[in-house]
Amino acid sequence: LPEDQADKLLLASWGLPKAVLERYHSLGVVQMFEWQAECLMLGQVLEGKNLVYSAPTSAGKTLVAELLILKRVLETRKKALLILPFVSVAKEKKCYLQ
């Protein structure tokens, strides 16, 4: 990331409500990796355009999806559908996102 956009690594710079930020912080998530911020800044992704990205297991792909969903739901007041590959992951995310 360019130096003038380094603040984009911080979750607090993405306009999320305080309660959401506190929840992420309680789990130790305060900032993103560069590639995650770059995904969120690509084209018109934040306006609802498509994004296809690939990363190894446990690299942080879910955080990108969560942030995109949260921002979109909060800004448009519409519902979102999050499809997860395993029941265990779905249960974990249900508790986490509540």
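The values are calculated or read from the model by the stated rules, or taken from the named source; none is laboratory data. Please read these numbers as outputs of a predicted model, since none were measured by experiment. No Cβ is skipped: glycine too gets one built from the backbone with ideal geometry, and neighbour counts run over all protein chains shown. Surface areas here come from the heavy atoms of the whole protein model, side chains and all, with no ligands, DNA or RNA. Shrake-Rupley method; radii C 1.70, N 1.55, O 1.52, S 1.80 Å.
Rounded to the nearest 20, the size of the Cβ-charge dipole of the range 3-97 about its Cα centre is 680 debye, with Lys and Arg at +1 and Asp and Glu at -1. Keeping all protein chains in the complex and leaving out DNA, RNA and ligands, what accessible area do you get for Phe33 with a 1.4 Å probe, in Å² to the nearest 10? Phe33 has an accessible surface of roughly 120 Å² with all protein chains in place. Less than 5 angstrom separates the built amide H of Gln31 from those of Leu11, all sequence-distant by 5 or more or on a different chain.
With 0.36 nm allotted per residue and the present C-alpha distance subtracted, the Lys79-Lys18 stretch has 19.9 nm of extension available. Here the accessible area is traced with a 1.4 Å probe on the protein chains. For the chain, carbon and sulfur cover 57 percent of it.
The listed residues Tyr53, Tyr96, once ranked by accessible area (1.4 Å probe) with the largest placed first, stand as Tyr53, Tyr96.
Distance between the C-alpha centres of the range 1-43 and the range 54-98: 15 Å, rounded to the whole angstrom. At a probe radius of 1.4 angstrom, the accessible area of the chain per residue rounds to 72 square angstrom.
With the convex hull of the Cα atoms taken as the outline of the chain, the averaged projected area works out to 6.7 nm². Over the chain, DSSP H runs of length four or greater, each weighted -39,500 (n - 2.57), average out per residue to a 222 nm ellipticity of -13500 deg cm²/dmol.
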